[in-house]
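> Have a look at the structure that comes next, please.
The values are calculated or read from the model by the stated rules, or taken from the named source; none is laboratory data. Here the structure is a predicted model, which means the values were calculated and not measured. Positions of Cβ are generated from backbone atoms using ideal geometry, with glycine treated the same way; all protein chains shown enter the neighbour counts. Just so you know, the surface numbers come from the protein's heavy atoms only, side chains and all, with ligands and any DNA or RNA stripped out. Shrake-Rupley method; radii C 1.70, N 1.55, O 1.52, S 1.80 Å.
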Amino acid sequence: MRKPSHLTLVVVLALSAALLPTSGGAGVPGAANLPVLPDSPTLLDPKGLGPEEASVVRYVLPTRKRLDAFVDTGVDLDHFVDRVAGGLEVHAIVTPSEVVSLAALGFRPSGVVRSPEDVRSVLAERAIAIREERRVQASHEDDVKVLRADYYEGASGNMLYIEAHHVAGVLPTDLLVATWAGADGTIQGARQMSRFTDSGEYMYHYLSVSVTERPHSVTVLTENLTSDSLDVTDWVAEPPTYEETYLSDFITHFLDPTEAYARIEAIHEEFPGITEIIELPHPTNGYGEQARATIGSSNASNVVVVSNAEGHEGGNELVVRFVDPGAADSPLSVSTGDNEVTVSLATNTVGAVTSTAAEVVAALNADAASLVSAYTYRGDAGAGVVSPAETTLDDGLDAPDHISREPFRVRALRLRGNVQPGEEPRVGVFIYSQEHAREWSTPLVAIEVAERLARNYATDDNTRSLLDTLDIFIVPSMNPDGSHYSFYDYASQRKTRGNHCSDAYHDSGYANSWGVDLNRNFSVGSRFDGYSGASSSCTSSTYSGPEELSEPEAKNEVWLVNEFPNIKFSMNVHSTGNYFMWPPGAYIAEGRVPLPRPTFAEESYFWEAGEHILNHVKAHRGTVVTPARTGPVIDVLYSAAGNSADEHWYNRGIFGWDFEVGTTAFQPPFAEGHEEAMEFANGTIGLLEVARDYANDDSPPTSTFHSSGGDFWFTSSEPATIHYTTDGSEPTTESEVYESGGIRTRDGEIVHSTGGTSVRWLSVDIQGNVEAAQQGTVA
Ligand SMILES: [Zn+2]
């Protein structure tokens, strides 16, 4: 939208001047220095003149016959013949040496019509025109474009955040400097910007700086002194206030999944009129594990024994004995009894034990397969001789007995008010927490929201209208098995407990590494599709699983959004980092090829709705989710192949968001976890308000046409897709789509056109409300 600054003009004019010809350049003979014609050609050696350039030279020939003789020399003539005083005038295109040769034949020139210098002037004129056209083009594309300039006041002070895109900014040495100024233009500060690259691709420059007062505008300058300016926008400046009577704060300690699910059951018991429990069909693997032991003292002699039964089903009572028979020449044998497996080891002629780990493993798998399976240690050949031992197998699980070891039934609490028989499906919202087990604050967000909605319904108008308008689904822990393991065994557990590891990974030393990263197990932009950010290693913390949707937890999530296709919004609650994100969440690393970006209207909607949600987050204790941490996952965090927000957005058009709650730790002190739950419960209420507005919006958008200098662009009253024509035809929803001005910017594109062009357009909002067609003329 910017016009070139005078600095830009100065630079371009200097460049243009450098291209202008200098007279008589490079010693090439031109018309201005045609040789003074000698009487004898021998006085001039044309060979010393270098490459020759032709001029258009005038000759006057006294008679027609003399003209014929001139033509017979083979001279290159243009089509000019004119009768003049003294005969016939013709124009020859000749080099200086040809002039000399012709002179030797008696043809003397009588002047120069056009010289190479004249041609050079034409070329220079052409070069200047091209340069000027490029300059105009460059000023449109902006050598540098300020994408955002956000000011916010939060718990960490007053901040200015700037992003700018340098068209040529592909080198680390490309510097951008940001300045910011008050309303009167007084510069308040300047700072070099940082350059952000991802997967080898330059993204943008950014700067986050503490300021004492709100700047009015920012200007970003390149080394070439091209520049762009943008007025500063307020970010999350309108946190809402909650009524004094609004009930909140229902969390007193971190909740393990057993407790969290008990809470939604209790809410349902107490408020059956506005709630339902939806049982998701795929039972998880369960918190329970097989019991196991590693028996031996070295990699070569270790035998890994794993019970068939899970620990709580008898595996933990199973005793394995390796026995020295106390006799020479004894064979290797295996016997089994209730809760016991005995291996009588082989001996040699002097009674020494000779059975190797590999032999014991083979014997156990042959003769004790009804109770256990056995493995050498981590793929070792198992050539070491086994020692006598007695070991009780153990599942290693430390949760108290009331934590079920059985497959877990994941459930959703459904909240709706004032349901009428036969009513149309409502706009659905799906809130789900704890895909990642260790993120302990996230179920608190879900439970706090559920409690607030149920308990304020009778008394709070806003809550009542949310429940009476929407169809809300809350799952407090998508990954209960991993989460129980995180609470009671290994706090840093991230994944599910679905173990897809092969034989070499069966010893309990790997117990904390089994499982699938649930947020990498979905079917869009997955590792299997070639996208970046998921691992094929079964022990990696981002293991994708053996195939898309291999895990019951992922199947449950997909089942819910398929079963309730009215779900239009989803919130995938994670921690940490205070991020707020949306699709795309994955790219192919080579060339950083992302999943398709949302349209300009959709992206605008994500931003606009996002600000409403983040205002709610800020309301609790001033936490600002910064613009730097708001946006598509791939632009602000990293590529996460096969994540669930992409699954919902690309397969079903669900506006899929991710929260990353909290600044500190996956398991912060409860006082902090409590605050995180309160502020992101606020944010979730904000999301429900966004969904309610979506449900209630049946009015078309209002779009506005702007134009200047042959360019045009649009703005609209709400996020909307604008379809336009420039050939005078009636616009339809098939007409050209008005695009974004680029990633990270709020603006739409500038369309280059010519003055007087008739533009016709219509706009369609996110809900599909259509504005009547309009017409404008490009200025
Ligand atoms: Zn997470």
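> Which ones in region 572-599 are crowded, with 23+ Cβ neighbours inside 10 Å, of a type in the set (Ser, Thr, Tyr) and within 16 Å of the ligand (Cβ to nearest atom)?
Ser575
> Follow-up. Look through Ile743, Ile766 and report the one residue that is among the hydrophobic types (A, V, I, L, M, F, W, C) and in contact with a Lys or Arg (Cβ under 9 Å, 6 or more places away or on another chain).
Ile743
> Of the numbered conditions (1) closer than 11 Å to Pro583 by Cα; (2) among the small types (Gly, Ala, Ser); (3) crowded, with 24+ Cβ neighbours inside 10 Å, Ala641 satisfies every one except a single condition; which is it?
(1)
> So which residues in region 509-539 are within 16 Å of the ligand (Cβ to nearest atom) and aliphatic (A, V, I, L, M)?
Val516, Leu518, Ala534
> Can you tell me which of Ser208, Ser229 is touching a Leu at 6+ places or on another chain (Cβ under 8 Å), touching a residue at least 24 places away in the same chain (Cβ under 8 Å) and open to solvent by 50 Å² or more (accessible area, probe 1.4 Å)?
Ser208
> Under the condition of being in contact (Cβ under 8 Å) with a residue 40 or more places away in the chain, surrounded by fewer than 21 Cβ atoms within 10 Å (Cβ to Cβ) and of a type outside the set (A, V, I, L, M, F, W, C), which residue from region 359-381 is nearest to Glu340 (Cα to Cα)?
Ser370
> Of the numbered conditions (1) within 16 Å of the ligand (Cβ to nearest atom); (2) within 23 Å of Asn158 (Cβ to Cβ); (3) out of contact with any Gly (no Cβ under 7 Å at 6 or more places or on another chain), Ala665 fails exactly one; give the number of that condition.
(2)
> Right, next: Could you grab me the full set of residues in region 659-674 that are open to solvent by 10 Å² or more (accessible area, probe 1.4 Å), closer than 14 Å to Val625 by Cβ and out of contact with any His (no Cβ under 6 Å at 6 or more places or on another chain)?
Once the filter is applied, which keeps residues that are open to solvent by 10 Å² or more (accessible area, probe 1.4 Å), closer than 14 Å to Val625 by Cβ and out of contact with any His (no Cβ under 6 Å at 6 or more places or on another chain), region 659-674 yields only Thr663.
> Checking Asp646 against (1) touching a Ser or Thr at 6+ places or on another chain (Cβ under 6 Å); (2) within 15 Å of the ligand (Cβ to nearest atom): exactly one of these is not met. Which one?
Tallying (1) touching a Ser or Thr at 6+ places or on another chain (Cβ under 6 Å); (2) within 15 Å of the ligand (Cβ to nearest atom), Asp646 fails exactly one: (1).
> Let me ask another. Just to confirm my filter: which helices (runs of 4 or more DSSP H) fall fully inside region 566-676 and include at least 1 residues that are at pLDDT 95 or above?
600-621, 644-652
> Report yes if some residue within region 407-417 is more than 16 Å from the ligand (Cβ to nearest atom), of a type in the set (Phe, Trp, Tyr) and open to solvent by less than 10 Å² (accessible area, probe 1.4 Å); otherwise report no.
no
> So, one more: Among the residues of region 418-444, what is the count of those that are within 16 Å of the ligand (Cβ to nearest atom), under 25 Å from the mean Cα position of the chain (by Cα) and within 28 Å of Gly653 (Cβ to Cβ)?
8
> At least 3 residues that are open to solvent by 10 Å² or more (accessible area, probe 1.4 Å) and of a type in the set (D, E, K, R) in each: list the helices (runs of 4 or more DSSP H) lying fully within region 439-557 that qualify.
Hits in region 439-557: 461-469.
> Please tell me if Leu171 is at pLDDT below 95, open to solvent by 10 Å² or more (accessible area, probe 1.4 Å) and over 20 Å from Asp635 (Cα atoms).
No, not satisfied.
> Let me ask something else. Would you confirm whether or not region 456-475 contains a residue that is within 16 Å of the ligand (Cβ to nearest atom), farther than 30 Å from Val334 by Cα and aromatic (Phe, Trp, Tyr)?
No: zero hits.
> I'd like the full set of residues that are surrounded by 15 or more Cβ atoms within 10 Å (Cβ to Cβ), of a type in the set (S, T, N, Q), out of contact with any helix residue (DSSP H, G or I) (no Cβ under 7 Å at 6 or more places or on another chain) and assigned to a strand (DSSP E or B), limited to region 725-779.
Listed by number, the residues that qualify are Thr725, Ser763, Gln774.
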